[in-house]
1. Any residue that is in contact with a strand residue (DSSP E or B) (Cβ under 9 Å, 6 or more places away or on another chain), within 29 Å of Gly183 (Cβ to Cβ) and modelled with pLDDT under 85 - is there at least one of those in region 113-122?
2. Please state which of the following conditions Gly105 fails to meet, knowing it meets all the rest: (1) surrounded by 20 or more Cβ atoms within 10 Å (Cβ to Cβ); (2) modelled with pLDDT of 85 or more; (3) assigned to a helix (DSSP H, G or I).
3. Please identify the pairs in which a residue from region 172-201 that is touching a residue at least 40 places away in the same chain (Cβ under 8 Å) and surrounded by 13 or more Cβ atoms within 10 Å (Cβ to Cβ) has its Cβ atom under 6 Å from the Cβ atom of a residue that is of a type outside the set (S, T, N, Q) and not in a loop (DSSP other than H, G, I, E, B), counting only partners at least 6 apart or on another chain.
4. What's the number of the condition Tyr196 fails, among (1) under 25 Å from Gln13 (Cα atoms); (2) modelled with pLDDT under 85; (3) of a type outside the set (A, V, I, L, M); (4) in contact with a Lys or Arg (Cβ under 9 Å, 6 or more places away or on another chain)?
5. Scan region 124-154 residue by residue and report those that are in a helix (DSSP H, G or I) and modelled with pLDDT under 80.
6. Looking only at region 48-97, count how many residues are acidic (Asp, Glu) and loosely packed, with under 11 Cβ neighbours inside 10 Å.
7. Report yes if some residue within region 19-42 is free of Cβ contacts under 8 Å to residues at least 12 places away in the same chain and not polar (S, T, N, Q); otherwise report no.
Amino acid sequence: MNKTLQSVQDIVQQTADAIAAVIHLDVEVADTSFVRIAGTGTYHKDLGCVMEGRRVYEDVVQRGRMIIIEHPGQHPLCATCPLMASCPEKLEIAMPIVSGTQVLGILGLISFTDKQTAYFEENRAWVIQFIGKMAELIAGNVQAAAPAESASLADLERDAIRDALARVGKCTGRAAKAAKLLGISRATMYRKIQEYKIKIP
């Protein structure tokens, strides 16, 4: 496959920004050469650079499966990392971006604060499921070399709203509770529900 994450870098960055807004963790995306294609927060300034501490991502590329590092600096994979003694991360989740049998890159979620870590722990299953879908979305954009950025972001936003509504269950005021979960206003939530024609049973 000649298509790479670089070929859809703008879409990947916008997707990373949207993921970070939904799940309240920092996001980075690297290709299999460990060049940072997209990043939020601290990692946004290093786009286009080869990652220095990449031992975890190397393992994800080799094995083609997700890994969660709950105590950076103490995990066996951290032992050979040049940043082990000075790692600022409190938690890392690395998900392979896969097309068929080929790993195209890594979607990483990073916590730098206790608050971010607590959010992940409280929402672990949903966050893992969500980033799996986002890795599939990125892979699909690479396959199609999709020029339509807005369609991809609309799909991401629609899925996030549906997931949030599902998480709050069929309780009274579920749209308002889902809005709070996503960190958006009730008015925005209702507008988006109408815009995407999302049915609330």
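The values are calculated or read from the model by the stated rules, or taken from the named source; none is laboratory data. Not measured: the values here are computed from a predicted model. No Cβ is skipped: glycine too gets one built from the backbone with ideal geometry, and neighbour counts run over all protein chains shown.
1. Among the residues of region 113-122, not one is in contact with a strand residue (DSSP E or B) (Cβ under 9 Å, 6 or more places away or on another chain), within 29 Å of Gly183 (Cβ to Cβ) and modelled with pLDDT under 85, which makes the answer no.
2. Here Gly105 meets the rest and fails (3).
3. Leu182/Ala164; Tyr196/Arg158
4. Status for Tyr196: all satisfied but (2).
5. Gln143, Ala144, Glu149, Ser150, Ala151, Ser152, Leu153, Ala154
6. So the answer is 1.
7. No, region 19-42 contains no residue that is free of Cβ contacts under 8 Å to residues at least 12 places away in the same chain and not polar (S, T, N, Q).
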